[in-house]
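Here it is, the structure in full.
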Amino acid sequence: MSAAAPIAALGRATLGMLAAVGRIALFAGAVVSHIFRPPFYPRELLTALIQIGWLSLPVVGLTAIFTGGALALQIYAGGARFSAEAVVPSIVAIGMTRELGPVLGGLMVAARVASSIAAEIGTMKVTEQIDALVTLSTNPLKYLAVPRVLAATLAVPILVAVGDSIGIAGGWLVGVNRLDFNSATYIKNTIDFLEVWDVGSGLVKGAAFGFIVALMGCYHGMNSGRGAQGVGRATKSAVVAASVLILAANYLLTEVFFTS
Amino acid sequence: MIELSGVTKSFGPNQVLRGIDLRVESNSSMVIIGGSGTGKSVLLKCILGLVHPDKGQILLNDEDVTRAERDAFLARFGMLFQGAALFDSLHVWENVAFRLLRGAQKRPKAEAREIAIEKLRRVGLGPQVADLYPAELSGGMQKRVGLARAIAVDPEIIFFDEPTTGLDPIMAGVINDLIREIVTEMGATAMTITHDMTSVRAIADNVAMLHRGKIRWTGPVSELDTTPDPYVQQFIHGRAEGPIEALR
Ligand SMILES: Nc1ncnc2c1ncn2[C@@H]1O[C@H](COP(=O)(O)OP(=O)(O)OP(=O)(O)O)[C@@H](O)[C@H]1O
Ligand SMILES: [Mg+2]
């Protein structure tokens, strides 16, 4: 092996990654362009909305309530160091709506939805169902990917809004029952200090994360290798890619929204 | 008429098709035979554009298939996949009526269902299976649903990838008759892959044998038994000894 071998391997890996980024970007562009062009598949969209939105409510709600509660305890303990316990309601609200609601909601949806989309579409690929769609004059991208991506982009902001509310309620529950806050004061402080953009920015993040989750599920499913192993690998890649991209996009969006 | 010339296809180092030349006349029934793994399924997929050949040309009625308008081109075809490839999220009748429920050939739902049930009847399945999911059917039943889907809109060219494997002899007979009927009565062009010699004799006008990525022999079914080609003779008589090695 020559001395240049590690460099060559690094170069190959970099090129491979750039090629994958390019393919995903092209795939994303194709999906977006097909959203606005007929034929439309309303039934598939409805099914996807139920699968991605409605059925994710329990997991997003549970995540939010525990996170809101823990957040209240932490901020109370931290605030006590400089006698600022009163900030608990507003910081819980801001923390939930700006960061934790969308990010944790997005990650939970990634675990639940990116995996199931990738496994479903991957199985369709290896059992020739995607080929069958083509022979039945149906574009698989349009029939499978577009409804799922659109549904996730629409549903995740709603999930985030629900998660925000439940998370704040979790903070309130802990605040009132464990930290001796007055219930009315807690609620008043939450509302008074919360701005529209705190919530709005979180919802925009939610839409971006929903798009990422469904896109990764569809992309990896459609490019699944052969056999059960191929589907397994596609599912894993979809969840990992969706999670990492969510965190990266979260940083970028925060940078864009809150530094001026 | 379907005409292939010099079609090659490799998957990595695995050279599957090594120059296929084949002519399938319109309104005739061509049966492809050949050992397992010789690329019969890949050949059909190349014609449909599901697999892109590395080299060679495929003409449909003298028009290059790669230049044809994709939707119009595919609307002329029906395909039964080797593994049936039914959509497991849809009911059996929705699978059969897939083309009739969306796109250019869309019909009212009740009418589409009626057509689906009629096609199911033709492949020997009663109306009670219409509202089941594919996963609730046996392998042979799934195969027949796939067949019903392939013929649902009476396409002019139909590909059958092993239509009778997994069926009992009586049902296989029903399917053979159906394929024959589709060609003679509805004037369709059929290409069928099969390992079942009874089927070959029942379905075929012409037979082509694929071996080592090439068409080893082709001719009318009447010459199948009399051809001196040792490969064909070994294959149709299922002999272990002969020019075709058992280890492939
Ligand atoms: N998508 C693919 N990727 C890689 N190799 C493939 C692919 N499809 C087919 N092959 C290979 O091509 C060869 C021919 O496959 P094909 O399915 O056409 O065989 P066949 O003649 O239909 O066999 P059988 O009678 O068993 O169905 C096999 O060696 C298979 O491994
Ligand atoms: Mg095959």
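Exactly one condition in (1) within 10 Å of chain A (Cβ to nearest Cβ); (2) in contact with a helix residue (DSSP H, G or I) (Cβ under 7 Å, 6 or more places away or on another chain); (3) modelled with pLDDT under 95 is false for B:Met79; which is it?
Exception for B:Met79: condition (3).
Hey, can you tell me all the residues within segment B:169-190 that are over 19 Å from B:Arg144 (Cβ atoms) and surrounded by 17 or more Cβ atoms within 10 Å (Cβ to Cβ)?
Correct list: B:Thr189 only.
For A:Asn189, indicate whether it is of a type outside the set (Gly, Ala, Ser) and either modelled with pLDDT of 95 or more or under 21 Å from A:Glu85 (Cα atoms) (or both). It would help to see each step written out before you state the result.
Numbers: of a type outside the set (Gly, Ala, Ser): yes; either modelled with pLDDT of 95 or more or under 21 Å from A:Glu85 (Cα atoms) (or both): yes.
In short, yes.
Could you tell me whether A:Ala184 is touching a His at 6+ places or on another chain (Cβ under 9 Å), farther than 30 Å from B:Asp71 by Cβ and among the hydrophobic types (A, V, I, L, M, F, W, C)? Break it down into steps so the answer makes sense when it comes.
Numbers: touching a His at 6+ places or on another chain (Cβ under 9 Å): no; farther than 30 Å from B:Asp71 by Cβ: yes; among the hydrophobic types (A, V, I, L, M, F, W, C): yes.
It is false that A:Ala184 is touching a His at 6+ places or on another chain (Cβ under 9 Å), farther than 30 Å from B:Asp71 by Cβ and among the hydrophobic types (A, V, I, L, M, F, W, C).
If I go through segment B:82-112 residue by residue, how many of them are in contact with a helix residue (DSSP H, G or I) (Cβ under 6 Å, 6 or more places away or on another chain) and open to solvent by less than 70 Å² (accessible area, probe 1.4 Å)? Walk me through it before giving the result.
Taking segment B:82-112 and keeping what is in contact with a helix residue (DSSP H, G or I) (Cβ under 6 Å, 6 or more places away or on another chain), we get B:82, B:84-88, B:92-93, B:95-97, B:99-101, B:105, B:107, B:112.
If we keep only those that are open to solvent by less than 70 Å² (accessible area, probe 1.4 Å) too, we end up with B:84-87, B:92-93, B:95-97, B:99-101, B:105, B:112.
Qualifying residue count for the region: 14.
While we're looking at this one, here's another question. Looking at segment B:187-205, I want the residues that are touching a residue at least 24 places away in the same chain (Cβ under 8 Å) and within 14 Å of another protein chain (Cβ to nearest Cβ) and have a partner that is of a type in the set (Val, Ile, Thr) and away from ligand 2 (no atom under 16 Å from the Cβ) with Cβ atoms under 7 Å, at least 6 apart or on another chain. Which pairs are those?
Pairs that qualify, where the first residue is touching a residue at least 24 places away in the same chain (Cβ under 8 Å) and within 14 Å of another protein chain (Cβ to nearest Cβ) and the partner is of a type in the set (Val, Ile, Thr) and away from ligand 2 (no atom under 16 Å from the Cβ), are B:Met191/B:Val24.
A further question follows. When the residues of segment B:11-33 are filtered to those that are more than 14 Å from chain A (Cβ to nearest Cβ) and near ligand 1 (Cβ under 9 Å from one of its atoms), which remaining residue is nearest to B:Thr184 (Cα to Cα)? Don't jump to the end; show me each part of the working.
If we filter segment B:11-33 for residues that are more than 14 Å from chain A (Cβ to nearest Cβ), which is where we start, we get B:13, B:15-33.
Retained after the next criterion (residues that are near ligand 1 (Cβ under 9 Å from one of its atoms)): B:16-17, B:32.
On the way: B:Val16: 33, B:Leu17: 31, B:Ile32: 19 Å.
Among residues in segment B:11-33 that are more than 14 Å from chain A (Cβ to nearest Cβ) and near ligand 1 (Cβ under 9 Å from one of its atoms), the one nearest to B:Thr184 (Cα to Cα) is B:Ile32.
Determine, yes or no, whether B:Ser36 is of a type in the set (S, T, N, Q), part of a loop (DSSP other than H, G, I, E, B), open to solvent by 10 Å² or more (accessible area, probe 1.4 Å) and more than 16 Å from ligand 1 (Cβ to nearest atom). Spell out the reasoning first.
Details: of a type in the set (S, T, N, Q): yes; part of a loop (DSSP other than H, G, I, E, B): yes; open to solvent by 10 Å² or more (accessible area, probe 1.4 Å): yes; more than 16 Å from ligand 1 (Cβ to nearest atom): no.
Answer is no for this residue.
Matching residues to (1) more than 14 Å from chain B (Cβ to nearest Cβ); (2) farther than 21 Å from A:Ala77 by Cβ:
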residue	(1), (2)
A:Val87	yes, no
A:Ser90	yes, no
A:Ile94	yes, no
A:Pro102	yes, yes
A:Gly106	yes, yes
A:Ala111	yes, yes
A:Ile117	no, yes
A:Glu120	no, yes
A:Lys125	no, yes
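Name the pairs: first residue in segment B:37-51 and touching a residue at least 60 places away in the same chain (Cβ under 8 Å), second residue away from ligand 2 (no atom under 13 Å from the Cβ) and among the β-branched types (Val, Ile, Thr), Cβ to Cβ under 7 Å, at least 6 apart or on different chains?
B:Leu43/B:Ile20; B:Ile47/B:Ile2; B:Ile47/B:Ile58; B:Ile47/B:Val65; B:Leu48/A:Thr135
Right, another one. Identify the residue in segment A:129-184 that is outside any helix (DSSP H, G or I) and in contact (Cβ under 8 Å) with a residue 60 or more places away in the chain and, among all such residues, is nearest to B:Ser89 (Cα to Cα). Reasoning before the result, please.
Keep residues of segment A:129-184 that are outside any helix (DSSP H, G or I), which gives A:136-139, A:179-182.
Right, trim to in contact (Cβ under 8 Å) with a residue 60 or more places away in the chain and you get A:139, A:179, A:181.
Values: A:Asn139: 17, A:Leu179: 50, A:Phe181: 51 Å.
Step by step, filter segment A:129-184, then rank; the result is A:Asn139.
From B:Ile193, B:Ile215, which residue is open to solvent by 20 Å² or more (accessible area, probe 1.4 Å), within 16 Å of ligand 1 (Cβ to nearest atom) and out of contact with any Pro (no Cβ under 8 Å at 6 or more places or on another chain)? Full working, then the answer.
Working: B:Ile193 fails: open to solvent by 20 Å² or more (accessible area, probe 1.4 Å).
Within the list B:Ile193, B:Ile215, the selection yields B:Ile215.
Residues to consider are A:Pro89, A:Pro39, A:Pro102; find the one that is outside any helix (DSSP H, G or I) and in contact (Cβ under 8 Å) with a residue 60 or more places away in the chain.
Working: A:Pro89 fails: outside any helix (DSSP H, G or I); A:Pro102 fails: outside any helix (DSSP H, G or I).
Exactly one of A:Pro89, A:Pro39, A:Pro102 is outside any helix (DSSP H, G or I) and in contact (Cβ under 8 Å) with a residue 60 or more places away in the chain, namely A:Pro39.
From the list A:Leu144, A:Leu159, pick out the single residue that is within 14 Å of chain B (Cβ to nearest Cβ) and buried (at least 24 other Cβ atoms within 10 Å of the Cβ).
Working: A:Leu159 fails: within 14 Å of chain B (Cβ to nearest Cβ).
Result of the check over A:Leu144, A:Leu159: A:Leu144.
Quickly run through segment B:46-76 and pick out the residues that are out of contact with any strand residue (DSSP E or B) (no Cβ under 9 Å at 6 or more places or on another chain) and within 14 Å of chain A (Cβ to nearest Cβ). Step through it out loud before you land on a result.
Just the residues of segment B:46-76 that are out of contact with any strand residue (DSSP E or B) (no Cβ under 9 Å at 6 or more places or on another chain), to begin with: B:63, B:67, B:69-72, B:74-75.
Correct list: B:Glu69, B:Arg70, B:Asp71, B:Ala72, B:Leu74, B:Ala75.
The values are calculated or read from the model by the stated rules, or taken from the named source; none is laboratory data. Quick caveat: nothing in here was measured; it's all calculated off a predicted structure. Positions of Cβ are backbone-derived with ideal geometry, glycine not excepted, and every protein chain shown enters the neighbour counts. The area values use the complete protein model at the heavy-atom level, side chains included, leaving out ligands, DNA and RNA. Shrake-Rupley method; radii C 1.70, N 1.55, O 1.52, S 1.80 Å.
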